[in-house]
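Derivation of every value follows stated rules applied to the coordinates shown; laboratory data play no part. These figures come from a predicted structure and were not determined experimentally. With ideal geometry, Cβ positions are generated from the backbone for all residues, glycine too; neighbour counts draw on all protein chains shown.
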């Protein structure tokens, strides 16, 4: 069985929006990212797929520069500029943002104000528009607080609306379907289409086949590394057939053959 | 000596021009130790007694009276130094309803290093809320940005059966100076009490909150809520105590304090239950601004200080 790196034919870098070379990160003595390299195509929808513990979310947090994820080794650059010394807000102002798997709650902060924080167009009309696109009724949600009175799925949609308003160059969405009901999934997919049309590059973090199918290009992640990349169909088939049933998910030490070349 | 100009200035600072002109809205404006403007509405009796250091006010809401529009009160001291003692004796008779919106305005005080606050606002209230009656009280403080104010409100509140009492204290504009809140409430059967304090402290401000509630009536309910932001070298001590001694009494104590810089926060939530069918819960959160909240806002482009301020202002909203 080949669990190793397959160089995808036809997947060539067009423009260096985000370039990651040999990225490694240890947290509490555990190596979570391991010599990972990755390039994204500007204006395309990408997905990183992997089982729990593969390091997908950690990669997104490291790219965004969150406080616990800054001690990385290797190189990361965005639009040709090194991210090494950039704080989260500086990275955001360079044009990237992150949608959390479970968005934070904010007592006393209204949906209206939250959506407008990073918005390029802070008009009420635009706020109403992005809320609708995210599947939320403006009349019902504008005045509400982004607090515990909203469900996780509702906060997820509010966060998506704020990202739509921000129109960033790079959007990383961590498990965008998490907490979202089936009916709303198509809204989320449509919103991602809107972002793409506006020129955003999208990186979806997922283990859902549904979300993976929204992407144009896919990366397979295991044990903190990109193990393969290529078409969504190919990565999807491999993930479903090999990774999901795999007994040694993210534990290569259990299987000496897991070295990127051999079957297991 | 308080003047008509003071009255206009206090009304302007409180933003209650419309209410002060409305013949259907009651109001009372007190500058230093003088009543400088007032209006009553049917069902509401107000008898102020001026003295050297302030005003004692007897308020009665007549049996069955439903005061439709909030009564506006304005207490203030426009001078740079002085003391204002307000005594309130309020009786809301049975099946009555009243809401009071109070603005406390001290814009000119300035704290001198090592000295006592030059402006003191001391309030002592005794409040009785009759059976089936409802009393809401919202108090907003507007202070100078230079500290120098001591605010010490003290209240004893008794709720008869099926009475409702809700009070909100807010001091989020200007410097606190020193504040010492002492509220005590006793709840009769089926009564409901909510007490909330929201305070933003900075520099060397000192905040003391002592709120106690006794749920002594069956099916009585009470919530004590405090939200305090402590920045720079400010200090906050919050002491909340809720006691339930009757069957089916329900209560909750909720204290959140955010610290930034060298601020110190101290919270003592005490819950005491002496009846097997009573139930009280409490939660207290003290600490810096939540990292996930902070980084969510920073990921939208706000710098750390702006994100922190937004989170704190939301907490105190």
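Inspect the range A:47-59 for any residue being within 14 Å of chain B (Cβ to nearest Cβ) and under 14 Å from the mean Cα position of the chain (by Cα) and give the result as yes or no.
yes
For the range A:73-95, does any single residue satisfy the condition of being touching a residue at least 40 places away in the same chain (Cβ under 8 Å), in a loop (DSSP other than H, G, I, E, B) and within 14 Å of another protein chain (Cβ to nearest Cβ)?
Yes, that holds for at least one residue.
How about the range B:57-86: which of its residues are over 19 Å from residue B:24 (Cα atoms) and part of a strand (DSSP E or B)?
Scanning the range B:57-86 gives B:57, B:58, B:75, B:76, B:82, B:83, B:84, B:85, B:86.
Output yes when any residue across the range A:165-180 is over 23 Å from residue A:83 (Cβ atoms) and within 12 Å of chain B (Cβ to nearest Cβ), and no when none is.
yes
Here are B:246, B:203, B:236: which of them is in contact (Cβ under 8 Å) with a residue 40 or more places away in the chain and either within 14 Å of the chain's Cα centre (by Cα) or surrounded by 18 or more Cβ atoms within 10 Å (Cβ to Cβ) (or both)?
Every option except B:246 fails the conditions.
Going by what's in this entry, would residue A:109 be described as more than 12 Å from chain B (Cβ to nearest Cβ) and touching a strand residue (DSSP E or B) at 6+ places or on another chain (Cβ under 9 Å)? It would help to see each step written out before you state the result.
Numbers: more than 12 Å from chain B (Cβ to nearest Cβ): no; touching a strand residue (DSSP E or B) at 6+ places or on another chain (Cβ under 9 Å): yes.
Against the criterion (more than 12 Å from chain B (Cβ to nearest Cβ) and touching a strand residue (DSSP E or B) at 6+ places or on another chain (Cβ under 9 Å)), residue A:109 does not qualify.
Could you check residue A:119 against (1) more than 9 Å from chain B (Cβ to nearest Cβ); (2) in contact (Cβ under 8 Å) with a residue 40 or more places away in the chain and say which number it fails?
Of (1) more than 9 Å from chain B (Cβ to nearest Cβ); (2) in contact (Cβ under 8 Å) with a residue 40 or more places away in the chain, only one is false for residue A:119: (1).
Take residue B:286 and tell me if it is under 21 Å from residue B:204 (Cα atoms), surrounded by fewer than 23 Cβ atoms within 10 Å (Cβ to Cβ), away from chain A (no Cβ under 14 Å) and touching a strand residue (DSSP E or B) at 6+ places or on another chain (Cβ under 6 Å).
In short, yes.
When residues of the range B:204-225 are filtered for being within 14 Å of residue B:179 (Cα to Cα) and part of a loop (DSSP other than H, G, I, E, B), how many remain?
Count: 2.
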